[in-house]
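Peer 1: The structure under discussion is supplied below as structure tokens; questions concerning it will follow.
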Amino acid sequence: MVMSTINAPAINGSHYPDWEGRYYHIDQVLDRPGPRTDPDSFMAGEGVKNFLRNQCKVLVIGAGGLGCEILANLALSGFKDIHVIDMDTIDISNLNRQFLFRPKDVGQPKAIAAAEYIMKRVPGVKVTPYHGKIQDKDDDYYMQFNLVICGLDSVEARRWINATLVNLVDPENPESLKPLIDGGTEGFKGQARVILPTVTSCYECSLDMLNKPTTFPICTIANTPRLPEHCIEWASVLEWPRVKGETKIDTDDPEHIKWLCDAARARAEEFKIEGVTWSLTQGVVKNIIPAIASTNAIIAGMLYHLVNSCIHCSLASCCNEAFKIATSSAAYLNNYFMVIGTESVYSYTFEHEKRADCPVCGGESLDISIPGSWTVERLIEMLVEKQDIQIKKPSLSTTKKHIYFQAPPQLEAATRPNLEKKVSELVPDGGDVTVTATTLPFSLSLRITYT
Amino acid sequence: MSFNESQSQDIEGATTAIQSQPDSKTRRYDRQLRLWAATGQSALESARVLVIGASATATSILKNLVLPGIGHFTLLDHATVSPADAGNNFFLQGTTSIGRNRAEEAVRLLSELNDNVDACADTRNIADVLASDPSYFLGFSLIITHNLSPVLLTRLADLLWENPSSTPLIPVRSAGFLADFFVQFHTHEIIESHSETSPSLRIDKPFPALLQAARALDFDTMDSTDHGHIPYVYLLVRTLDDWKATHNGLPPQTHADKQNFKSILAAQKRTPDQENFEEAIAQAYRAWTPTVVRPHLVELFNDVTLPSTPFGHLLAALRSFSERPPHVLPLSATLPDMKSDTESYVRLQNLYRAQAAEEREQFRALLPVPLENELVELFVKNAHGVQLLRGARYGALDTAPAKLIMYLDNLTRETATHLALSALDAWRSSPSRQNGGPTDSELREHVLTLIPGTELGKKEFSDAFGEIVRAPAADLPNVAAFLGGMVAQESIKMITKQYIPINGYCVVDLVDTWTGVLES
Ligand SMILES: [Zn+2]
């Protein structure tokens, strides 16, 4: 291994003398390989330690339940240059698991509070916070990191960062390949995975594995409610806009929740349905997912483990200026870890495979077959609902013409009449349709056939 | 189970009080109350947990118990903070903590996480406490150790096992990327297992009121709206009743029968995509899947020594109940959502509720001793998932070579890793040990004392031994985080008596990223 090429000076301003014995524990596994260590990608000794402690720059997206855990793990493991992005502020309901925050921090930006806490607790580490959206940052920003770790609860944000990192890949430049390590939890269950953009399956490839969000048919909500949830949906989807007009629901405003809860209770009483409570109302309108510290800790432990494997591979590939090592490493083989702790403990690891028709990393068009009688509106409805597509507010076009555009308003108005038309009048059998959405930094190519 | 279903299952317990924003404690714990409710939370708040050794792993476990609000914890450790401790433990303050007592430093920083938790640092030496004050340990509701020396651990485990109060014990061992932990208890009673299997709707054995209501429907006079809103439960009950009348009282048996049954359902549709009939066809298996007592309950019922606790009495009554025809458990009042108009659904729900209430009274009459209403209701509601786990003594597996060899055949990597950790323990307490760590051959030698004459040529052994030789004393931050989460989860399950804890060893390997269980 060519180790002499990596000898950069310490990061500006954050140089701190590591005390003797500080890394006694972690050095045991950095100094020598184990029996299963991949000899091509393992870099033992001073080279890897220097890289990790003085050179490696890591981005953590999300300073919530997973983010807090992963920040602490990175800091303790010797990473000195950590960046963290989060657009949220601290809520009291975060305190049961987001252990870098205290009651006095409620209302403060998560990224800033987390960064300050880590720097106070772990000497010598520099954590640079950004309180804002990941979409605020450009390619140059993401290019500066060696890897990106993602602990987000938003599907949209994960799709965005995934597509951004895939777009960043330049086959001529090994450093453009940024491993993306992603995790999520729900109650006693969690999952962690590593994505090597363009090489392994990406987040978009596995969209169909997500739990389908609970939705209730509008006719049930409007006419035949049976569950307390139906009454709550009625209150938020139908009754609120009817009474409050343009005012949007703020799910963090207790007055709003109270209004919805009261409205839902009145409806439930009318229909003799039991069980509308404050907690259920809040759960339904905010789509609350149960969360505890212990599951976050398990997944963060896994995420860091994946970081460690990636560091070895990307370091080895940088030293040899070769894509090959990073992309052939065993670290990416079993790229998906899941754990379920409700009944004893069950976990498994598997290789999630790339989808050839993945709109982000696949390159091939997605074949869909629809009845010839379908209108454009019906096709759009399908694109919103279909588990492996899930594009909110899609705009559609062919190479020749606009089919329907959500924005700007003039274009929307001009293309609106097409909603009523049959798709088959606008697109020939076997023809291609390009789907875009403002929230997604990629377009989806559909090849449409008619049944 | 989807989130929505779990929410709906709580309907029965919902209050009808005027709703207003919950207090700040409820808001703080909102995300976990959705998992274990107020009953689980109050169990946590009454718990007293003792953790022995303030390692990185131990403080990670504690962090995940302090955050959800356990009542009290004591951290017992006489050691002072070393430079290595200050480097890998988030609950020590860098170099300023070096030289101070480990328990006191960690307790100070752990306490910051939650003001509601009562915390105590005990700076005595565990060896002295075991010798002079063994009753000290009996005052806790759960004890957790990390890498405690095997001699002391065995003494502690025996003390707890032999005492009738039998405080559960979770010994955790880790070295580098390998770890295992065990949950020691005599018996563990679970009413709220949060089973993912939903209780039977008894389509195959409809209670009289249900059959009557299904038969009373007059499909022919219904308009298309009403016809499109008949709950599938009625459709199945009625179609099955008709079927039985022409098939010697038997439900569909063969594959052809089942297809036939589905076509009969389909033939009753008025429009091709009538949703309630589609649901009935999708749920048709309920017509030929007999409602029986689940095997784990049958096994429990055959257990002649049911404990003489309220839970044991409840189980005894459940056994008596299921011994009478129609050999089922008391009916659950929980009805899943289905295509229906409100009125029909509410009427059907009321049928189930009335029958469930009646069967609950029959159940109550079978109790050997009277028990409080709330407990009986909770038990009956969860009857299909109740569990009584019988645990084992810590270390029993290592003195059972036949069992080890059997495990070695089926769960090779788990058993090899467990044995490698046991060998490391043995090496640590051997008088001839050298400084540093054990060699591969020393570890093999120790394993052979547990399973004499066994061939240790399998790759799983060299994999495990190699990792131990590589990092015998490493408490890695991410492994500590991982174990901190796993052990805290098991602790929460033990304390709340909800969900199902591990019964045996959980073995962890973060080289190849797997976990496995060696059951007691
Ligand atoms: Zn992809």
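Peer 1: How do A:215-221, A:18-24 rank on mean C-beta neighbours within 10 Å, highest first?
Peer 2: A:18-24, A:215-221
Peer 1: Also, quick follow-up: Past the 26 angstrom mark, what percentage of all C-alpha to C-alpha distances in the stretch B:210-337 do you count?
Peer 2: Result: 39 percent of Cα pairs exceed 26 Å.
Peer 1: Moving on to the next point. Of the options A:C219, A:Q108, A:H230, report the single residue whose Cα projects farthest towards the positive end of the charge dipole of chain A (beta-carbon charges: Lys, Arg +1; Asp, Glu -1).
Peer 2: Among A:C219, A:Q108, A:H230, the one farthest towards the positive end of the dipole of chain A is A:Q108.
Peer 1: Let me see the P(r) profile for the stretch A:89-156: every Cα-Cα distance counted, bins of 10 Å, each bin given as a percent of all pairs.
Peer 2: Bins of 10 Å from zero give 17, 44, 34, 6 percent of pairs.
Peer 1: Order A:K392, A:K57, A:K401 by their accessible area, 1.4 angstrom probe, all chains in place, largest first.
Peer 2: Greatest to least solvent exposure: A:K392, A:K401, A:K57.
Peer 1: Still on this model: Cα atoms only: what Rg and Dmax, in Å, come out for the stretch B:324-469?
Peer 2: Just the Cα atoms of the stretch B:324-469 yield Rg and Dmax of 27.5, 80 Å.
Peer 1: I'd like the Karplus ³J(HN,Hα) series for the stretch A:388-399: coefficients 6.51, -1.76, 1.60, θ = phi - 60°, whole numbers in Hz, and an x wherever there's a Gly or Pro.
Peer 2: 8, 10, 6, 9, 6, 6, x, 10, 10, 8, 10, 5
Peer 1: Taking +1 at the Cβ of each Lys and Arg and -1 at the Cβ of each Asp and Glu, which of B:T187, B:W243, B:L153 sits farthest along the dipole of the stretch B:130-289 towards its positive end, judged by Cα position relative to the Cα centre?
Peer 2: Of the options given, the answer is B:W243.
Peer 1: Dividing the alpha-carbon radius of gyration of the stretch A:366-450 by 2.2 N^0.38 Å (N being the number of residues), what value is obtained?
Peer 2: 0.99
Peer 1: Kirkwood hydrodynamic radius, the stretch B:397-470, all distinct C-alpha pairs: what's the number in Å?
Peer 2: 12.2
Peer 1: Tell me the accessible surface of A:E351 in square angstrom (1.4 angstrom probe, heavy atoms of protein chains only), to the nearest ten.
Peer 2: Answer for A:E351: close to 100 Å² accessible.
Peer 1: Beyond 36 Å, what share of the Cα-Cα pairs of chain B remains, rounded to the nearest whole percent?
Peer 2: For chain B, the share of Cα pairs beyond 36 Å comes to 46 percent.
Peer 1: Per residue, how much space in cubic angstrom lies within the convex hull of the C-alpha atoms of chain A?
Peer 2: For chain A, the hull spanned by Cα atoms encloses 182 Å³ per residue.
Peer 1: Taking the 0 to 90 degree range and rounding to the nearest ten, how far is the long axis of helix A:376-385 tilted relative to the main principal axis of chain A, both from C-alpha atoms?
Peer 2: Helix A:376-385 sits roughly 40 degrees off the main axis of chain A.
Peer 1: Using only the alpha carbons of the stretch B:69-214, what is the convex hull's orientation-averaged projected area in square nanometres?
Peer 2: Mean projected area for the stretch B:69-214: 14.9 nm², to one decimal.
Peer 1: Taking the alpha-carbon set of the stretch B:148-207, what are its Rg and Dmax in Å?
Peer 2: Cα only, the stretch B:148-207: 19.6, 60 Å (Rg, Dmax).
Peer 1: Taking the 0 to 90 degree range and rounding to the nearest ten, how far is the long axis of helix A:254-270 tilted relative to the main principal axis of chain A, both from C-alpha atoms?
Peer 2: 40
Peer 1: Separate question: Treating the Cα atoms of the stretch B:295-390 as identical point scatterers in vacuum, please give the log10 of the normalised Debye intensity I(q)/I(0) at q = 0.20, 0.24 Å⁻¹, two decimals.
Peer 2: Normalising to I(0) and taking log10 leaves -0.97, -1.27.
Peer 1: Give me the dipole magnitude in Debye, nearest 20, for the stretch A:34-185 about the Cα centre, with unit charges on the beta carbon: positive for Lys and Arg, negative for Asp and Glu.
Peer 2: The dipole of the stretch A:34-185 has a size of about 720 debye.
Peer 1: Can I ask one more? Can you work out ³J(HN,Hα) from phi for every residue in the stretch B:228-236, in order, using Karplus 6.51 cos²θ - 1.76 cosθ + 1.60 and θ = phi - 60°, giving whole Hz and x for Gly and Pro?
Peer 2: Going residue by residue, I get x, 10, 6, x, 4, 4, 5, 4, 5 Hz, with x marking Gly and Pro.
Peer 1: If you project the alpha carbons of the protein assembly as shown onto the principal axes, what extent comes out on each, in Å, largest first?
Peer 2: For the protein assembly as shown, the Cα spread along each principal axis is 90, 80, 57 Å.
Peer 1: Let me ask something additional. How many angstrom lie between the C-alpha centres of the stretch B:377-432 and the stretch B:242-295?
Peer 2: Each part's Cα centre sits 45 Å from the other's.
Peer 1: Accessible surface of B:V369 in the full protein assembly, 1.4 angstrom probe, to the nearest 10 Å²?
Peer 2: 60
Peer 1: In terms of solvent-accessible area of protein heavy atoms at a 1.4 angstrom probe, what is the ranking of B:L160, A:L426, highest value first?
Peer 2: So, going from the largest accessible area down, we get A:L426, B:L160.
Peer 1: Could you state the angle between the C-alpha long axis of helix B:459-470 and the longest principal axis of the C-alpha atoms of chain B, as a value from 0 to 90 degrees rounded to the nearest 10?
Peer 2: For helix B:459-470, the angle is close to 50 degrees.
Peer 1: With a cut-off of 8 Å between alpha carbons and a minimum separation of six or more residues, what is the relative contact order of chain A in percent?
Peer 2: Value for chain A: 15 percent.
Peer 1: In a solvent-free Debye calculation with one equal scatterer on each Cα, what is log10 I(q)/I(0) for the stretch A:218-286 at q = 0.18, 0.23 Å⁻¹, listed in the order of the q values?
Peer 2: -0.57, -0.93
Peer 1: Once label points are set 7 Å from the Cα along Cα→Cβ at both A:T247 and B:S149, what is their separation, rounded to one decimal in nm?
Peer 2: With each label placed 7 Å out from Cα toward Cβ, I get 6.9 nm.
Peer 1: Further, regarding this structure: Between A:I370 and B:D23, what is the label-point separation in nm under the 7 Å Cα-to-beta-carbon projection?
Peer 2: Between B:D23 and A:I370, the simple spin-label model gives 5.5 nm.
Peer 1: Let me ask something else. Roll a 1.4 Å probe over the protein heavy atoms and report the accessible area of B:H327 in Å², nearest 10.
Peer 2: 100
Peer 1: How far apart, in nm, are the 7 Å Cα→Cβ label points at B:S135 and B:R433?
Peer 2: Placing both labels 7 Å beyond Cα along the Cβ direction yields 3.4 nm.
Peer 1: Sticking with this structure for a sec: Could you sort A:R158, B:R108 by their accessible area in this structure, using a 1.4 Å probe and putting the largest first?
Peer 2: Descending accessible area places them as B:R108, A:R158.
Peer 1: Of the DSSP beta bridges with both residues in the protein assembly as shown, give the percent that are antiparallel, rounding to the nearest 5.
Peer 2: Close to 55 percent.
Peer 1: Using the Cα centre of chain B as origin and beta-carbon charges of +1 (Lys, Arg) and -1 (Asp, Glu), tell me which of B:M486, B:F219, B:V376 is placed farthest towards the positive end of the dipole.
Peer 2: B:V376
Peer 1: Tell me the mean residue ellipticity at 222 nm calculated for chain B from its helices only (DSSP H runs of n ≥ 4, each -39500 (n - 2.57), averaged over every residue, nearest 500).
Peer 2: Calculated from helices alone, the mean residue ellipticity at 222 nm is -15000 deg cm²/dmol.
Peer 1: Give the Debye-formula value of log10 I(q)/I(0) at each listed q (0.10, 0.16 Å⁻¹), with one equal scatterer per alpha carbon of the stretch A:44-184, two decimals each.
Peer 2: So the normalised log intensities are -0.33, -0.83.
The values are calculated or read from the model by the stated rules, or taken from the named source; none is laboratory data. Source: prediction; values computed, not measured. Every residue, glycine among them, receives a Cβ derived from its backbone with ideal geometry; neighbour counts consider all protein chains shown. To get the accessible areas, we keep the full protein, side chains included, count just its heavy atoms, and leave off ligands, DNA and RNA. Shrake-Rupley method; radii C 1.70, N 1.55, O 1.52, S 1.80 Å.
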